[in-house]
Structure formats: C-alpha cells, structure tokens
C-alpha cells in the first residue's frame, strides 16, 4: 500500500474492536476524516496512534465546495502524503459527500476522531450516533495528547496570517507552505 493510493477493501474486513481478536485474514481498517486545512501535529498524533491500532488507515481529506479553504484539496492531500510517509499502513485520499458513504464504498467499518475537549465530544457524539444509524459505521474517540489539546487548524491559520510562529504546531513541510502562502520569511 502506498501513501498516495487507497487500497480496496481488505478481504473479510469486519468491525474492529469488540474485545475479540480479528479472524485470521481479517484486515482491520479505519478512516481518519477531516478538512486538514492545514494538517497539524495534533492531527499527526491521532493518525500515528490509529496506525498502531489498525492494519490500514485511510486519511480522507474532505472536499467542501461551499467552504473557502486556505489550501486546495490537492495541496492538503499532498501535505498529508509527505507528513505521513513514515507510516506504511496509511493511505491518503480525498472525498466529497458523507463519510459513511466513503466507508461503505471502501469497506471501512471504523471512523477515528480525535477529541480535544468536552465541546468536541458533544458534537462528535451526535455525528457518531448518526453514522452508526445510517450505515453501521462505528466511531473510535481518541483523546488528544495534552500537548496538542489547544491546537486547531483555524488557530494555526490565524496565527500564521499575522506572522506568528507556528513552527511547533505543524510539520516542516506544512510550515514551508504556510510561510510561502503568508509571505512572512522564516515564520509562517
């Protein structure tokens, strides 16, 4: 599996978790969906931890035609490919529409979501229950590393816009793109 392509559904992929070991030959698959505008070290922490739990992890960049993004979906995908290259079991893709439709089409039974605070949980719980009801797709809530509990892409963009230093918040390839985009040399 390459970081740039999404593999087909892995054989007898069933629901991950449940306390029992998967059947021999079962590939445990999960998806980490988001806008990733831009990808942050907090995102990478969740992706890396998911990669330790699942055989295959798809990081899916949501394409929202209505919302204005700093980076195009292709740029966000490229930044993620570069930032996750160390993980042999992580693939990057883009999608438009419902994440559960993507999950069904690719045989992915689990959505992994990072939670920073109780306010995240309130929103994400509703989404998880809806996804379970619509398509039987479960959600794994992963608490964010406390080091990144304050981190949000929107804050990174705001700080970078005003020339603030975001070098500790994003991977080097993203910092370079933010710096190039903001026109502030040496800092994003």
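All of the numbers you see were taken from the coordinates with simple rules; none came from a lab. Because the structure is a prediction, the values reported are computed rather than measured. Cβ sites come from the backbone with ideal geometry, for glycine too, and all protein chains shown count toward neighbours.
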Cα→Cβ-extended label distance, 7 Å offset, between residue 154 and residue 167, nm: 2.8 nm
Out of all DSSP beta bridges in the chain, what portion is antiparallel? Express it as a percent rounded to 5. 5 percent
Return 26, 40 ranked ascending by Cβ neighbour count within 10 Å, so the fewest neighbours appear first. 26, 40
What percentage of all Cα-Cα pairs in the range 48-131 are separated by more than 14 Å? 70 percent
For the range 85-188, report the translational diffusion coefficient in µm²/s to the nearest whole number, using Stokes-Einstein at 25 °C, 0.890 mPa s, and a Kirkwood Rh over Cα pairs. 152 µm²/s
Structure-based [θ]222 nm, the chain - -39500 (n - 2.57) summed over DSSP H runs of at least 4, per residue, nearest 500: -11500 deg cm²/dmol
Taking the Cα atoms only, what angle lies between the long axis of helix 73-83 and the longest principal axis of the chain, rounded to 10 degrees? 80 degrees
Can you give the three extents of the C-alpha atoms in the chain along their principal axes, from longest to shortest, in whole Å? 53, 35, 32
